[in-house]
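Reviewing the structure listed below.
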Amino acid sequence: MILVTGATGTVGQEVVRCFPVGVPLRLMTRNPAGVGAVRPGAEVVAGDYGDPESLAVALEGVRKVFLVTGRVGGDEDEAFLRAARAAGVRHVVKLSAASVADARADDLVTRWQRVSEGLLRASGMEWTLLRPRSFMSNCLSWAGPVRAEGVVRALYGSSLNACIDPRDIAEVAVRVLTGEGHRGMAYTLTGPEAISAVQQTRVLGQVLGVPLRFEELTPAQARAALLRRYPAELVQALLSSAGRQREGAKAGVGSGVLDVTGRPARSFGEWAADHAEAFAPVVVS
């Protein structure tokens, strides 16, 4: 039995879609009612990292896990790994972050991921680390302004990021969970090229067939926008990460997707074409 945590999240739901039919699969989420089209034969269980009893139920009979945690600075990894070890789990595939391997990165999120990776390595279970660059799907936050104003607003618009389609992360995760030769490995996962927000705006406009313009946010404007969504400490981490991107820290293109799947990573243009509906103006009949 394979357990997928965060089954309704950006990557988790793609992982569920990627599994071959017939693989025994259990999906853990805090809100089982929120699981949409569940794979035929997959179980859905309620699980909360802060509830040891729910973890014990979710992990019963499980031998492999796709692990996603999201409470930055929290103890979700420690709690889950303790429960997984007690349940007899053999292999944990953890979603981490590419910044962990960057010695210059010392923001809150990166420090938390480093600690979490260390906990897994020391757990006594077999492990594989997936370290993706930024998700292409982060651009979905532009959908409202694109639909309403034909504009994309972002900080450091000319800085480059080798962002990745979450579907590629999911395919790598499934290959690792169902194949051999991945234990003790850490894979850095990127898209096929480094691309800036200005370039993404141009590509998105071409896909939609409409002219889009890019507006550069000042650091103050970006901070104010982020503070409307996140706590101050996390906002500072995100701004620090953006600063590293401006310095070129996220422009490196890796071969992780090709190495594991045997095919190149998807381009931003492919991602945009597959998600064009999210940016298209609503037509009122």
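Report, in degrees rounded to the nearest 10, the 0 to 90 angle that the Cα long axis of helix 166-178 makes with the longest principal axis of the chain.
Between helix and principal axis, roughly 20 degrees.
Under a GNM of the chain (C-alpha, springs under 10 Å), which listed residue has the highest mean-square fluctuation: GLY12, GLY118, GLY252?
GLY118
Show log10 I(q)/I(0) for region 54-176 at q = 0.13 Å⁻¹, two decimals, from a solvent-free Debye sum over equal Cα scatterers.
For region 54-176, the Cα-only Debye profile gives -0.64.
Sort 200-206, 57-63, 273-279 by packing, meaning the average of other beta carbons within 10 Å per residue, with the highest value first.
Numbers: 200-206: 19.4, 57-63: 17.3, 273-279: 14.9.
Output ranking for 200-206, 57-63, 273-279: 200-206, 57-63, 273-279.
Expected output is a single nm value to one decimal: the length gained when fully extending between ALA103 and GLU78, i.e. 0.36 nm times separation in residues minus the C-alpha distance. What is it? Could you put the intermediate results ahead of the total?
Working: separation 25, 0.36 × 25 = 9.00 nm, distance 2.37 nm.
Gain in length upon complete extension: 6.6 nm.
Rg and Dmax of the chain over Cα atoms: what are they, in angstrom?
19.2, 60
Treat every Asp and Glu Cβ in the chain as -1 and every Lys and Arg Cβ as +1, leave all other atoms uncharged, and give the resulting dipole magnitude about the Cα centre to the nearest 20 debye.
On the way: 32 positive and 29 negative charges, 41 e Å.
Approximately 200 debye in magnitude.
Among VAL198, PRO219, SER241, flag the residue with its Cα farthest along the positive direction of the charge dipole of region 141-285, charges on Cβ as +1 for Lys/Arg and -1 for Asp/Glu.
PRO219
Note the angle between two axes, namely the Cα long axis of helix 197-208 and the longest principal axis of the Cα atoms of the chain, as a number of degrees from 0 to 90, rounded to the nearest 10.
90
Work out, step by step, the length gained on full extension between LEU258 and ALA232: first 0.36 nm times the residue separation, then minus their alpha carbon distance; give nm to one decimal. It would help to have the intermediate numbers written out before the result.
Details: separation 26, 0.36 × 26 = 9.36 nm, distance 3.74 nm.
Extra length available between LEU258 and ALA232 comes to 5.6 nm.
Go ahead and collect, in residue order, the members of region 216-233 whose backbone nitrogen is under 20 Å from a label point 7 Å along the Cα-Cβ direction of VAL151.
216-229
Laboratory data are not the source of any read-out in this text; all were calculated from the coordinates shown. Fair warning: this is a prediction, and the values are worked out from it, not measured in the lab. With ideal geometry, Cβ positions are generated from the backbone for all residues, glycine too; neighbour counts draw on all protein chains shown.
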